[in-house]
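Below is one structure, written out as structure tokens; comments come after it.
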Amino acid sequence: MKSCRARGEMGGSLYRKWLSLALGLWGLTMLSGCGTLANGRTWGQDATLFPGWERVGQAALNAVLDPETWAPVVGAAVFQTGSLDRNLSHWAAKRTPIFQSQTNAATASDVLLGVAEGAAVITALSTPSGEAPGDWALAKAKGLSVGLAAFGLTQGATAGLQSLIDRTRPNGVSNSFPSGHAASAAVCDTLSARNTDFLALPAGARLGLKIGFTTLTVGTAWARLEARQHYPSDVLAGMALGHFLGAFSNNAFLGAASPRNFFFKVEPSRRDIYASLNWLF
């Protein structure tokens, strides 16, 4: 009885905490839902099923080069060496340093994913999509459809990879790689971060929100380790997959280009060719 009560209190506390965060996010962004973007267009207005191969290719390249895509891939590869993957998974599930029990961790992963999903919807509804109710509704429907498609594509890709690879989880169940929770949280948080680029917020508030979204993804991923559901490489691969599909879908199909924070350049000289990749922080 005591264990059940503690579990309920843990779940209730997490729900209240993240509900407060969601309400705070809504309060910060609700004033931005009307109006237009700097280019005179509205968020969602230019969403399309047929962006053209050039834009699709560029969106794919940008998504691949994004550190939030390739850094988790590198991390997953590193954890595959030796016994790092299994050792960290075993330690996290045994010690549960953050969530105190495997049951609490499983509950937390669901709560954090739910908050990530809610944040993606809230930030999308808060972007400028025009003053006229009809135009606003149409733009929102088109923009939200892109996000929903990215989320569905992520879940489909995750399920396909889990079935194909069929890695056994730390708890003995199949379909461990990649983590569905981590992938779903990552795609939602990527979409949320992209949406904040179009909100009339101070730079500090926008940065704080983006850090919060990343924390949601990392928290969801870590909770799956403590819940004994996945290995580190599973959650890192899920984070990479979700971010890639979220960034790619947003850039290719939404039609509202968010500011680029990295640039790829090739500079030929008489004797050599120099390639550089630069990030803005």
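Quick notes on this one:
- Filter pass, Leu138 being of a type outside the set (Gly, Ala, Ser), farther than 20 Å from Ala186 by Cα and assigned to a helix (DSSP H, G or I): yes
- Count of residues meeting criterion [crowded, with 17+ Cβ neighbours inside 10 Å, assigned to a helix (DSSP H, G or I), at pLDDT below 55 and of a type outside the set (S, T, N, Q)] in segment 23-67: 2
- Qualifying residue in segment 209-229 (condition: outside any helix (DSSP H, G or I) and surrounded by 24 or more Cβ atoms within 10 Å (Cβ to Cβ)): yes
- Qualifying residue in segment 130-147 (condition: under 30 Å from Leu84 (Cα atoms) and buried (at least 16 other Cβ atoms within 10 Å of the Cβ)): no
- Matching residues in segment 163-198 - criterion: being farther than 24 Å from Ala63 by Cα and of a type in the set (S, T, N, Q): Ser163, Thr168, Asn171, Ser174, Asn175, Ser176
- Inter-residue pairs, beta-carbon under 7 Å, first within 27 Å of Gly82 (Cβ to Cβ) and in segment 208-234, second surrounded by 24 or more Cβ atoms within 10 Å (Cβ to Cβ) and among the charged types (D, E, K, R), 6+ apart: Thr217/Asp189; His230/Arg224
Yes/no per residue for (1) without any contact (Cβ under 8 Å) to a residue 12 or more places away in the chain; (2) in contact with a Gly (Cβ under 8 Å, 6 or more places away or on another chain); (3) of a type in the set (Asp, Glu):
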site	(1), (2), (3)
Leu84	no, no, no
Asn87	yes, no, no
Ala120	no, yes, no
Lys142	no, yes, no
Ala149	no, no, no
Gly156	yes, no, no
Ala159	no, yes, no
Gly172	yes, no, no
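- In segment 122-137, the residue that is modelled with the highest pLDDT out of those that are over 19 Å from Lys210 (Cβ atoms) and in contact with a Gly (Cβ under 8 Å, 6 or more places away or on another chain) is Trp136.
- When segment 68-101 is filtered for residues that are assigned to a loop (DSSP other than H, G, I, E, B) and closer than 30 Å to Lys142 by Cα, nothing remains.
The values are calculated or read from the model by the stated rules, or taken from the named source; none is laboratory data. Given the structure is predicted, the values throughout are model-derived calculations rather than measurements. For neighbour counting, all protein chains shown are included, and Cβ atoms are generated from backbone atoms with ideal geometry for every residue, glycine included.
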